[in-house]
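*Asks:* First the structure, then my questions, so here it is.
The values are calculated or read from the model by the stated rules, or taken from the named source; none is laboratory data. Worth saying up front: this structure is predicted, and the values here are computed from it rather than measured. Reconstructed Cβ throughout: ideal geometry from the backbone, glycine too, with neighbour counts over all protein chains shown. Just so you know, the surface numbers come from the protein's heavy atoms only, side chains and all, with ligands and any DNA or RNA stripped out. Shrake-Rupley method; radii C 1.70, N 1.55, O 1.52, S 1.80 Å.
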Amino acid sequence: MEPAPPIDLRTPLSKVPGLNKRDIDALALLGIPNVGRLIAHLPLRHESLESESVIASLEPDRLCATRGEISATRVARARGRSPARFEAALEDDSGRLDLVWFNQTYLANRLHPGARVRVQGKTKRRGLGLQMVNPLYEVIPENGGEPALREARVRPIYPLAEGVHQRHIEKALDLVLPAALRLIEDHLPDRYRAERQLPPLAEAYRMIHRPTSDAEVAAAHRRLAYDELLLLQLGVQIRRARLREGLLAPALRADAKVDEHIRRRIPFTLTDAQDRVVKEVATDLSRPTPTNRLIQGDVGSGKTVVAAYAMLMAVASGHQAAMMVPTEILAEQHFDSLSRMLAGSKVTLALLTGATPAAERAATLASLAAGRVDLLVGTHALLTETVRFKSLAVAIIDEQHRFGVHQRARLRAKAEDATSTPHVLVMTATPIPRTLAITIFGDLDVSTIDALPPGRKPVKTSLFGRAQRSLVYEQVKRRLDRGEQAFIVVPAIGEATAGANADEPESGATTAHTLTQELSRPESPLAGFTLATLHGRLPHAERERIMDAYRAGSIHALVATTVIEVGVDIPNATIIAIEDADRFGLAQLHQLRGRVGRGKKPGACMLIADPATQDAAERLNALTSTTDGFKLAETDFLLRGPGDLFGARQSGTMPLKVADLARDLDLLSLARHDAAAWIKRSPTLSSPSEALLVRRLKLAFGEQIDLADVG
Ligand code: ADP
Ligand code: MG
């Protein structure tokens, strides 16, 4: 027989001596064809196994492990409040330990007197002796020879697939790991690594697969997560540098005169936070490279004025600006408030939504292309092919979390002239924690409006059971009596019907109508007030009429679906009641609550729900305990993980396998900083010593990030 060729990382598993066809097929199910991929198949978690000691030296209230022979067993049926249980006595030469498993009487068929077993669990004092409740157990095979007493160890638990077992992975690793580890090259220089107290890569893989302690697991995780985050940040930052390099944007005038002109139009004094962000934006826009900035600020922090400022900078330099928002209601609102702000000026505005009549639309498009319209406000309708600008310099996306990630690129592409790219600002009320934003939107600069306009009082939030609904409407009545206004929100129930706009789920329309009727009855606390129902299925003109009447104060309470969720700004509305609040997500509830407390009068948010799940209860509690959107976003993120953030709306952006953003935030900022420094030192990563790093970068993120020409 020929000697087996030496193993390398590309060796297919079929060439590894000692693996049989079953092992190979099982691993193939996990997508593991070769040695390298096997090493890269990381454990999901690690389980600690305690070291064994003899029964006599076990202490109470400790997690410990021991072995012995089962000397007696007993099944106790459930009786009264005590559940069924299986009991066994375990003995060794030194003493006896009682074992008990609740609700697992089937163990009587597995653990017979005479069997030798290892057990691990927490000990409790019971009478004179000790007892272990629901221990993990392992039967020691007869005639397999007595295995050695186990040292404390940490056992990796691998992700599996149907028909694949831990032992398949463990066996394969046993066969290849020692040889494979010697072949793993490090892409980080020794000194660089040492400065950050990261273990060598091969050592990290050894420790993740064969840890001797929890500390080793932690060190291995730190290295592998750092690598992943560093590669991601390198990729994102290189792409960003490249995007900016080739492209030109109009450098807008940002002198004192322009600033003064714009500020004269703003009906209030900017807060320090707004002022700082406006300056950051103005500096960006005055440069000949396209701006890409995320402006985050909690609901009500005053983002709109920053958008208006940027748009007017475009006009001051003879260019155009556009603002895209997620709902028609919001588009109309922004259009109205910009119109008021610019009344009497020469600036021309247009509104473009799906509801714009064809003739008007055609006229608007012609004016835009000819440069007769300076500012355009609209919905997704802005993205259609036929919308052309003469000279688009500033594009704004409001409530960016409601849009997909690609809209930004499409809006940017609206500039007619390939040599001129618009500056882009995206605004969000942060359901995205800052650190996460950095990762997803690694190609964005971030500005934060971290204070509310003066005079705001935090919205008081309270939770009521359904039985207490009438109390809620009593409170609403009191506000209406004082001349203030109310929002009453109902969830959309069931599936949105086919053809309905996905952003305005309308199955709540009926519920909203029913509730309006209920609240208008003579016995209702709200009897005598003017109520109206608002939902996305109303004809456009009707909706506009209702919003106008509400804004003017002739409608006192608006019973609405989530069409009012984002952006709607009616400072005289001071109370919001949310029916079936447990059906909304945390971010959504926070947005809804943000509809009130936007003026000087204190706001109130009344949640009506009998939460049925733990999760819903936690969401509602989080909401009542803070009004800080950033904190809520972090909570939401910890409760749900990043999954939803990367769902349909931000699809295809979650590339991390090892790093856990909820846990590895410090590593993320280290990696971000290190990546920036690295690129500064070596902008193209083309030195031969970086070849391995580049190869791994492309392997890991080549598809998500276009990196074809790096290195
Ligand atoms: P959001 O950040 O939620 O988009 P808006 O821009 O709609 O917030 O502003 C919320 C409300 O606060 C609006 O009524 C707006 O006119 C008002 N506002 C914004 N900035 C200030 C300020 N500096 N002083 C007083 N009121 C302000
Ligand atoms: Mg807004």
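*Asks:* If you go through region 26-63, how many residues are of a type in the set (Asp, Glu) and either surrounded by 14 or more Cβ atoms within 10 Å (Cβ to Cβ) or touching a helix residue (DSSP H, G or I) at 6+ places or on another chain (Cβ under 6 Å) (or both)?
*Replies:* To start, the set of residues in region 26-63 that are of a type in the set (Asp, Glu) comprises 47, 50, 52, 59, 61.
Then drop every residue that is not either surrounded by 14 or more Cβ atoms within 10 Å (Cβ to Cβ) or touching a helix residue (DSSP H, G or I) at 6+ places or on another chain (Cβ under 6 Å) (or both), which leaves 50, 52.
So the count comes out to 2.
*Asks:* Checking residue 268 against (1) part of a loop (DSSP other than H, G, I, E, B); (2) among the aromatic types (Phe, Trp, Tyr); (3) crowded, with 20+ Cβ neighbours inside 10 Å, which test does it fail?
*Replies:* Going through the list (1) part of a loop (DSSP other than H, G, I, E, B); (2) among the aromatic types (Phe, Trp, Tyr); (3) crowded, with 20+ Cβ neighbours inside 10 Å, residue 268 breaks only (3).
*Asks:* May I pose another question? Report yes if some residue within region 589-597 is under 25 Å from residue 634 (Cα atoms), out of contact with any strand residue (DSSP E or B) (no Cβ under 6 Å at 6 or more places or on another chain), more than 16 Å from ligand 1 (Cβ to nearest atom) and open to solvent by 10 Å² or more (accessible area, probe 1.4 Å); otherwise report no.
*Replies:* no
*Asks:* Still on this model: It is to be established whether one or more residues within region 248-256 are of a type in the set (A, V, I, L, M, F, W, C) and within 25 Å of the chain's Cα centre (by Cα). Please lay out each step first, then the result.
*Replies:* Start the filter on region 248-256 by keeping residues that are of a type in the set (A, V, I, L, M, F, W, C), which leaves 248-249, 251-252, 254, 256.
Checking the rest, the ones that are also within 25 Å of the chain's Cα centre (by Cα) come to none.
No, region 248-256 has no match at all.
*Asks:* Moving on to the next point. Which ones in region 656-684 are outside any helix (DSSP H, G or I) and modelled with pLDDT of 90 or more? I'd like the intermediate steps shown before the answer.
*Replies:* Pass one, region 656-684, residues outside any helix (DSSP H, G or I): 656-664, 682-684.
Residue satisfying the conditions is 682 alone.
*Asks:* Moving on to the next point. Check region 87-100 and report whether any residue there is open to solvent by 50 Å² or more (accessible area, probe 1.4 Å), among the polar types (S, T, N, Q) and more than 21 Å from residue 50 (Cα to Cα).
*Replies:* No: region 87-100 contains no residue that is open to solvent by 50 Å² or more (accessible area, probe 1.4 Å), among the polar types (S, T, N, Q) and more than 21 Å from residue 50 (Cα to Cα).
*Asks:* Got a number for residues in region 166-204 being over 23 Å from residue 698 (Cα atoms) and hydrophobic (A, V, I, L, M, F, W, C)?
*Replies:* Summing the residues that are over 23 Å from residue 698 (Cα atoms) and hydrophobic (A, V, I, L, M, F, W, C) in region 166-204 gives 8.
*Asks:* If I filter region 528-571 down to residues being more than 16 Å from ligand 2 (Cβ to nearest atom) and under 32 Å from the mean Cα position of the chain (by Cα), which single residue comes out as most open to solvent (accessible area, probe 1.4 Å)?
*Replies:* Applying the first criterion (more than 16 Å from ligand 2 (Cβ to nearest atom)) to region 528-571 yields 528-546, 548-550, 552-561.
Checking the rest, the ones that are also under 32 Å from the mean Cα position of the chain (by Cα) come to 534-537, 558-561.
Details: 534: 0, 535: 11, 536: 19, 537: 130, 558: 0, 559: 0, 560: 0, 561: 1 Å².
Result: 537.
*Asks:* Could you please give the count of residues in region 572-588 that are in contact with a Gly (Cβ under 9 Å, 6 or more places away or on another chain) and either open to solvent by 10 Å² or more (accessible area, probe 1.4 Å) or away from ligand 1 (no atom under 16 Å from the Cβ) (or both)? Spell out the reasoning first.
*Replies:* Initial filter on region 572-588 (in contact with a Gly (Cβ under 9 Å, 6 or more places away or on another chain)): 572-576, 587.
In the following step, the residues that additionally are either open to solvent by 10 Å² or more (accessible area, probe 1.4 Å) or away from ligand 1 (no atom under 16 Å from the Cβ) (or both) were identified as 572, 575, 587.
Qualifying residue count, region 572-588: 3.
*Asks:* Right, here's the next one. Quick check: is even one residue across region 607-628 closer than 21 Å to residue 327 by Cα, modelled with pLDDT of 90 or more and not in a loop (DSSP other than H, G, I, E, B)?
*Replies:* First, the residues of region 607-628 that are closer than 21 Å to residue 327 by Cα: none.
Within region 607-628, none of the residues are closer than 21 Å to residue 327 by Cα, modelled with pLDDT of 90 or more and not in a loop (DSSP other than H, G, I, E, B).
*Asks:* Can you find a residue that is modelled with pLDDT of 95 or more and open to solvent by 40 Å² or more (accessible area, probe 1.4 Å) anywhere in region 220-237?
*Replies:* yes
*Asks:* Return a yes/no flag: does region 116-126 have any residue that is in a helix (DSSP H, G or I), buried (at least 16 other Cβ atoms within 10 Å of the Cβ) and either of a type in the set (Ser, Thr, Tyr) or in contact (Cβ under 8 Å) with a residue 12 or more places away in the chain (or both). I'd like the intermediate steps shown before the answer.
*Replies:* First pass over region 116-126, keeping only residues in a helix (DSSP H, G or I): none.
So far as region 116-126 goes, no, none of its residues is in a helix (DSSP H, G or I), buried (at least 16 other Cβ atoms within 10 Å of the Cβ) and either of a type in the set (Ser, Thr, Tyr) or in contact (Cβ under 8 Å) with a residue 12 or more places away in the chain (or both).
*Asks:* Oh, and also: Looking at region 605-638, which of its residues are touching a strand residue (DSSP E or B) at 6+ places or on another chain (Cβ under 9 Å), free of Cβ contacts under 8 Å to residues at least 60 places away in the same chain and buried (at least 18 other Cβ atoms within 10 Å of the Cβ)?
*Replies:* 611
*Asks:* For residue 500, are the conditions met, namely being modelled with pLDDT under 85 and more than 28 Å from residue 599 (Cα to Cα)? Working first, answer last.
*Replies:* Details: modelled with pLDDT under 85: yes; more than 28 Å from residue 599 (Cα to Cα): yes.
Judged against the criteria, residue 500 is a match.
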